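Worksheet: the structure to be examined is printed underneath.
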Ligand code: B1M
């Protein structure tokens, strides 16, 4: 792996963590996440200041042909090693469920880091989330609605897989289930406008925005408690608290 520039303005364990994800060093990632937590860094900060920017840098290196698919996969595994440690911390934040959500990456698309982050944030906000996985065909989303999901979340990373989101919405409508469920979509190439064009109820640009959007969408659905009773969990990426 190539040497990478350190993330500007970030020092200590988070800088080590950033470098370790970019260089795909799984064990160093685990160690650095544990040490950052031990030093008092909030899990949200570890995500927003180290893990996510590191994957952005990996994407940049891929674009300029310094990284190829193997490096992408190794860095992705390293990122997941960090997420695995953080996940329970988000889950512990609340004790009861405020709504049922089924979330998956659409058919043809294998990217799951963004989806997993959205799931962690939603679980941390008290929602019960079914992770449908990656490369999920329309009928599996339809099945989830029949199984009681109040919100369907879809993730797509590629221009070639984004249209599959519309296929899912069409399939839900064809089964006469559209009125029963809210649909939220996300992914780096998506926009609010695109979400509107394909008939989704909402779009979110990141995991925190996804939590806000789901709360907004669930207000008014019969049997759902709504925002008023949702637990207060601070999960903003914009968190400014410093621990250095
Ligand atoms: Co792929 N890949 N990849 N890749 N990959 C991208 C997306 C790419 C931009 C890289 C690049 O060229 N710079 C590029 C797409 C370019 C394009 O077409 N415009 C690309 C490509 C081309 C490909 C392949 C086609 C490469 C090939 O085979 N030649 C191939 C496709 C495979 C497939 O899916 N069929 C491929 C494969 C892979 C790996 C398997 C190696 C690996 C994925 C591993 C995994 O996910 N387990 C991988 C990776 C790691 C990336 C990059 C480097 C990182 C993606 C990521 O995890 N980002 C990516 C480059 C980049 O993004 N800079 C790239 C971090 C993550 C936190 O962000 O996923 O955007 P993101 O999620 C955000 C928001 O988008 C939002 O919230 C998340 C958290 O803030 N969000 C939602 C996401 N889902 C949401 C759902 C919501 C709401 C918000 O509601 C439901």
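Worth pointing out:
- Taking each residue as 0.36 nm, the span from residue 205 to residue 167 lengthens on full extension beyond its C-alpha to C-alpha distance by 11.6 nm.
- Centre-to-centre separation between the Cα atoms of segment 126-172 and those of segment 194-211: 13 Å.
- Simple spin-label estimate for residue 197 and residue 77 gives 3.8 nm between the two label positions (7 Å along the Cα-to-Cβ direction from each Cα).
- With a Förster radius of 25 Å applied to the beta-carbon distance between residue 64 and residue 212, the computed FRET efficiency rounds to 0.15.
- Label-point gap, in nm, between residue 56 and residue 219 - each point 7 angstrom along Cα→Cβ: 2.9 nm
No lab work stands behind these numbers, since they all come straight from the coordinates. Computed from a predicted structure; not experimentally measured. Note: ideal-geometry Cβ built from the backbone for every residue, glycine included; neighbour counts use all protein chains shown.
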